[in-house]
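The values are calculated or read from the model by the stated rules, or taken from the named source; none is laboratory data. Computed from a predicted model, the values in this text were never measured in an experiment. With ideal geometry, Cβ positions are generated from the backbone for all residues, glycine too; neighbour counts draw on all protein chains shown. SASA here: full protein model, heavy atoms, side chains in, ligands and nucleic acids out. Shrake-Rupley method; radii C 1.70, N 1.55, O 1.52, S 1.80 Å.
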Amino acid sequence: LILCMGIVYHHADPIGMLKNIRKLLSKGGNLILETSGVDSKEDIAYFPKKTYSGCRGWWFIPSAGCLENWLRRSGYQNVKIRIQTKVNFDEQRKTSLSGNFSLEDGLDPENPELTSEGYPAPVRIIAEASK
């Protein structure tokens, strides 16, 4: 079992990263992948110009369908989206570790369904797949 939590959107090559993780799994082994994503019926990923929700270092923010496609095209089997839920202010709050920055700071104050840059606000997606 490999847990990949909050990492894939920080990689410029998410497919390469997923393939490398797959190599580490034993045959029949499972991957649980948690990521920020966007709520969309389309198989898309946003590629922010500079920041996403006020944060640097985000390369691709996938929809659940896009994440499923990444996993399948990386060679995984039995791909399932287990959870998709809105990210809430309690879990993404201001702390000393966050530099006193929170999710609320990265959203459009007039429309919290959008980030400060105008992208859809993040959702949490948890997927399971096997080798």
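Structural remarks
- Amide H contacts under 5 Å for Ser40, placed H, 5+ residues apart: Ala64
- Charge dipole magnitude, Cβ of K and R +1, D and E -1 - the range 7-70, Cα centre, debye nearest 20: 300 debye
- Structure-derived semi-axes √(5λ) of the Cα gyration tensor in Å - corresponding label in (1) 27, 15, 13; (2) 21, 19, 15; (3) 30, 19, 13: (1)
- Estimated distance in nm for a label pair at Arg56 and Asn88, the labels positioned 7 Å out from Cα along Cα-to-Cβ: 3.2 nm
- Solvent-accessible heavy-atom area per residue, rounded to whole Å², over the chain at 1.4 Å: 59 Å²
- Gain upon complete extension [Ser26, Asp105; 0.36 nm per residue less C-alpha separation]: 24.3 nm
- Each of Gly29, Tyr52, Ser63 was placed along the dipole of the chain (beta-carbon charges, centred on the mean Cα), and the one lying farthest toward the positive end is Gly29.
- Solvent-accessible area, 1.4 Å probe, carbon plus sulfur percent, for the chain: 49 percent
- Annotation for the range 27-88: GluC sites (Glu not before Pro) lying in DSSP loop with at most 12 further Cβ atoms inside 10 Å of their Cβ are Glu42.
- Using θ = phi - 60° in the Karplus curve 6.51 cos²θ - 1.76 cosθ + 1.60, the 3J(HN,Hα) couplings for the range 50-55 round to 9, 9, 10, 6, x, 10 Hz; x is entered for Gly and Pro.
- When +1 charges are put on Lys and Arg Cβ atoms and -1 charges on Asp and Glu Cβ atoms, the dipole computed for the chain relative to its Cα centre reaches about 840 debye.
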